[in-house]
There are 2 protein chains.
Amino acid sequence: MLEWLKEPEINFPDQLQHAGFEHGVCVGQIQAKAGLTQSTVSEYLSILQRAGFIEAKRVGQWTYYKRNEGAFEALSKLIQSNL
Amino acid sequence: MLEWLKEPEINFPDQLQHAGFEHGVCVGQIQAKAGLTQSTVSEYLSILQRAGFIEAKRVGQWTYYKRNEGAFEALSKLIQSNL
DNA sequence: TTGGTATATCGGGAAAAGTCGATATATTTG
DNA sequence: CAAATATATCGACTTTTCCCGATATACCAA
């Protein structure tokens, strides 16, 4: 999922029909691609959010998730320096 | 454990009594510091080895483990580029 | 306000990971 | 070879993680 969110236009072309990608990709799109249930994907995304890897933005009935690139940079550096 | 192995001299001073650190740190030393059973530590180290993060060197009855810095560098870069 | 759609949360069962004691293997020493 | 020491492997149990269906919540539209 994290990789998918790097290129929303390529990985979630269907979303164009009701929105752009300014705020990220909505849960339903990710769920369809993941092939897991809605509840599983929702929970998974919220875990990634709490971990800081993605950010959520509620717009109407949709919740859009997008990557927080800073977190990946930070993790990469942490592995370099601390680990 | 991976952090401990960055500075063997500091984290495993007892090992000096029977060996240096050329080949790394032996299982018993790591086990004592970890506070887990011998079998758990042995299995854990072999998992880390299979994953490529550490290398094993058998010398007599001892097995010494040391970090494979390249693996950490690679992981760090992988997070930067692929993830 | 009622019904429809999107997402979140909850409780539970299945799968995986963590940890242990017992035992096997390898090596050294007497 | 026998005993002692260090490590590895095995089987079982416990804990955690994964994933689901059911249900709750939030928002929108008629």
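Condition check for B:GLU7 on (1) under 12 Å from the mean Cα position of the chain (by Cα); (2) away from chain A (no Cβ under 14 Å): one failure, at (2). Here B:GLY70 does not qualify as more than 14 Å from DNA strand C (Cβ to nearest atom), closer than 27 Å to A:SER76 by Cα and touching a helix residue (DSSP H, G or I) at 6+ places or on another chain (Cβ under 9 Å). Considered as a group, the residues in region A:41-55 that are surrounded by 13 or more Cβ atoms within 10 Å (Cβ to Cβ) and part of a loop (DSSP other than H, G, I, E, B) include one that is farthest from DNA strand D (Cβ to nearest atom), and that residue is A:GLY52. Taking the conditions (1) of a type outside the set (Phe, Trp, Tyr); (2) closer than 22 Å to B:GLN80 by Cα; (3) at pLDDT below 95 in turn, A:GLN15 satisfies each one other than (2).
Can you pull out every residue in region A:1-21 that is in contact (Cβ under 8 Å) with a residue 12 or more places away in the chain and part of a loop (DSSP other than H, G, I, E, B)? Give the steps one after another, and end with the answer.
Of region A:1-21, the ones in contact (Cβ under 8 Å) with a residue 12 or more places away in the chain are A:1-2, A:4-6, A:8-9, A:11-12, A:14-15, A:19, A:21.
Once the filter is applied, which keeps residues that are in contact (Cβ under 8 Å) with a residue 12 or more places away in the chain and part of a loop (DSSP other than H, G, I, E, B), region A:1-21 yields A:MET1, A:LEU2, A:PHE12, A:ALA19, A:PHE21.
Scanning region B:26-40 for residues that are more than 12 Å from DNA strand C (Cβ to nearest atom), of a type in the set (A, V, I, L, M, F, W, C), part of a helix (DSSP H, G or I) and surrounded by 15 or more Cβ atoms within 10 Å (Cβ to Cβ) gives a single hit, B:ILE30. Counting only residues that are free of Cβ contacts under 8 Å to residues at least 40 places away in the same chain, within 14 Å of another protein chain (Cβ to nearest Cβ) and of a type in the set (A, V, I, L, M, F, W, C), which one in region B:30-71 is nearest to B:GLY20 (Cα to Cα)? Only one residue tops the list, namely B:ALA71.
Among all positions in region A:72-81, there is at least one residue which is of a type in the set (S, T, N, Q), open to solvent by 60 Å² or more (accessible area, probe 1.4 Å) and within 14 Å of another protein chain (Cβ to nearest Cβ). Here is the figure for region A:1-54: residues that are in contact with a helix residue (DSSP H, G or I) (Cβ under 9 Å, 6 or more places away or on another chain) and farther than 15 Å from A:LYS66 by Cα total 9. Criterion applied to A:PRO8, A:PRO13 was being farther than 20 Å from B:SER76 by Cβ and surrounded by 11 or more Cβ atoms within 10 Å (Cβ to Cβ), and the one residue passing it is A:PRO8.
The values are calculated or read from the model by the stated rules, or taken from the named source; none is laboratory data. Computed from a predicted model, the values in this text were never measured in an experiment. Note that each Cβ is placed from the backbone with ideal geometry, even for glycine, and that neighbours are counted across all protein chains shown. When the accessible area is computed, the model is the full protein with side chains, heavy atoms only, and any ligands, DNA or RNA have been set aside. Shrake-Rupley method; radii C 1.70, N 1.55, O 1.52, S 1.80 Å.
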